[in-house]
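Below: the structure, in structure tokens.
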């Protein structure tokens, strides 16, 4: 053996480190979080309308419900499907017959004229299914 050189013993030359590199895991987690934050509002579903405000009570969730929406231009949506005004009665009765909803929620834009409201309300009321009109709680000023 030469001077200044030590003999290496097998398995004792390098120190074992049990570190886990989590940088890529954190990168993936933050990327998924950003994607979720961006897509969550989009995934809500439904037709966006500006419902009227009033002194109302909160609605209780009902398992089997149907939503009828009137947008600001007077178009009628059954769920998320647009329905012509003159075909709404037939489409609504078919949907009620097929799904047997406990409650029908009527969600109308605050700028809708009275004509489409009267049409929808009279058809829903004639069906015999319980219904409620959706509104927002009036904001305190």
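The values are calculated or read from the model by the stated rules, or taken from the named source; none is laboratory data. Every value quoted in this text rests on a predicted model; they were computed, and no experiment measured them. As a convention, Cβ positions derive from the backbone with ideal geometry for all residues, glycine included, and neighbour counts pool all protein chains shown.
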### Task
Go through the range 110-128 residue by residue and tally those that are touching a residue at least 60 places away in the same chain (Cβ under 8 Å) and farther than 16 Å from residue 56 by Cβ.
1
### Task
Report yes if residue 104 is in a loop (DSSP other than H, G, I, E, B) and either under 20 Å from the mean Cα position of the chain (by Cα) or buried (at least 17 other Cβ atoms within 10 Å of the Cβ) (or both), otherwise no.
no
### Query
Looking at 112, 120, which is the one that is surrounded by 17 or more Cβ atoms within 10 Å (Cβ to Cβ) and either modelled with pLDDT of 85 or more or in contact with a helix residue (DSSP H, G or I) (Cβ under 8 Å, 6 or more places away or on another chain) (or both)?
120
